[in-house]
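Any read-out appearing in this document is the output of simple, stated calculations on the displayed coordinates, not a laboratory observation. Since the structure is predicted, the reported quantities are computational estimates derived from the model, not experimental observations. Here the Cβ is made from the backbone with ideal geometry for all residues, glycine too, and neighbour counts use every protein chain on show.
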């Protein structure tokens with residue numbers, strides 16, 4: 001099997017842009033809550049637009065295709081912030097996490113319709129030769145993420161419209177990430193127990209002791225897949241080795 005091409009190293013400006021975007025999403029609820037008592041809607045919107053602008057400015061060092069991809073991804077979010085600044089409507093800022101979830105839900109749901117499912121695409125980034133017996137699981141997990149994202153969007157909308165801003169900030173700034181961590185951690189444990197396919201990490205080695213792959217049908221499938229992949233990677237025996245084998249017969 002041909003090895004996957006090496007990925008190009010991450011440039012400093014790409015890393016800085018990614019960090020800025022990550023900080024934007026992580027700190028957004030706390031910024032909105034703190035600014036609600038100190039600044040007006042236009043002041044908060046201006047700060048958020050400044051962060052967006054700085055991120056895009058860093059992206060200018062990349063290709064035009066990279067910049068256009070970022071603009072398309074974030075046009076709706078930036079437009080919502082601009083509308084909040086122009087109209088002075090705080091409610092629009094509270095709806096931003098909902099819009100992110102709606103966008104992700106649409107992306108995951110569309111992948112179910114057109115294929116391949118989003119989780120399968122992620123899995124193939126790690127295992128390019130993804131075995132067929134894992135594909136139904138990838139589809140079911142994509143459906144689970146659709147439900148999680150849709151539920152989060154509805155809850156954020158309800159909190160933005162009908163609850164105190166403190167409740168909104170508590171959920172979007174803390175409880176959501178707790179639920180997200182539980183979903184990711186629970187899915188990891190379930191997947192390892194279901195397929196019994198383990199890597200070289202410490203968690204995998206520990207789970208391999210507790211949940212040996214030989215004891216389930218899926219685990220034996222995983223063992224056969226690993227053996228087949230290693231055989232393909234090793235390649236056919238050399239002519240010298242073949243002659244040695246024939247001479248011993």
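Observations
- With the highest mean first, a sort of the peptides 176-187, 102-113 on other beta-carbon atoms found within 10 angstrom per residue produces 102-113, 176-187.
- Rounded to 0.05, the FRET efficiency of the residue 234 and residue 125 pair, given R0 = 25 Å and the Cβ-Cβ distance, is 0.55.
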